[in-house]
Amino acid sequence: MSEKIPIMKLGVVKEIVEATGMGISYAYEDLVFLDHNALLLQFTQDSDTVLVHTNREADTEPAQATLAALKQAAREREMIFLDGQVYALTQGEDEQINIEFIP
């Protein structure tokens, strides 16, 4: 039996991100990297819900303000953006980027 793949609303998420004055720098599988890497979006099994992870190196106050703006823009488009985890980016081998989620 094949596993059901959730529908990802990348177009709607792009609108939400752009409504807050930011852009998407890269999308890979269920992750969406925003400009400047302060926040990282992750699609969930629910196509209307996205987790917003915060880079541990991000300035807290601007990151929280951006998160609030993303949540508001998401509500206006009938989506839900939820607080995720703190994450760190590290350089791996062969220019690979590693993401570590910090509990």
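The values are calculated or read from the model by the stated rules, or taken from the named source; none is laboratory data. Because the structure is predicted, anything quoted here is derived from the model rather than measured. We place every Cβ from the backbone using ideal geometry, glycine too, and count neighbours over all the protein chains shown.
Residues of the stretch 89-98 include none that is surrounded by 11 or more Cβ atoms within 10 Å (Cβ to Cβ), closer than 14 Å to L41 by Cβ and among the β-branched types (V, I, T). Residues in the stretch 30-48: is at least one among the hydroxyl-bearing types (S, T, Y) and assigned to a strand (DSSP E or B)? No, every residue in the stretch 30-48 fails to be among the hydroxyl-bearing types (S, T, Y) and assigned to a strand (DSSP E or B). Scanning the stretch 69-88 for residues that are in contact with a Lys or Arg (Cβ under 6 Å, 6 or more places away or on another chain) and of a type in the set (A, V, I, L, M), we see that the one that is surrounded by the most Cβ atoms within 10 Å (Cβ to Cβ) is V86. Exactly one residue out of T54, T66 is in a strand (DSSP E or B) and surrounded by 13 or more Cβ atoms within 10 Å (Cβ to Cβ): that is T54.
Of the numbered criteria (1) under 16 Å from I16 (Cβ atoms); (2) outside any helix (DSSP H, G or I); (3) at pLDDT 95 or above, the one Q85 fails is (1).
Residue-by-condition table, conditions (1) touching a Ser or Thr at 6+ places or on another chain (Cβ under 9 Å); (2) farther than 16 Å from I99 by Cβ:
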{"site": "L10", "(1), (2)": "no, yes"}
{"site": "V17", "(1), (2)": "no, yes"}
{"site": "G21", "(1), (2)": "yes, yes"}
{"site": "D30", "(1), (2)": "yes, no"}
{"site": "N37", "(1), (2)": "yes, no"}
{"site": "R56", "(1), (2)": "no, no"}
{"site": "Q64", "(1), (2)": "yes, yes"}
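Of all the residues in the stretch 51-102, those that are acidic (D, E) and in contact with a strand residue (DSSP E or B) (Cβ under 7 Å, 6 or more places away or on another chain) number 2.
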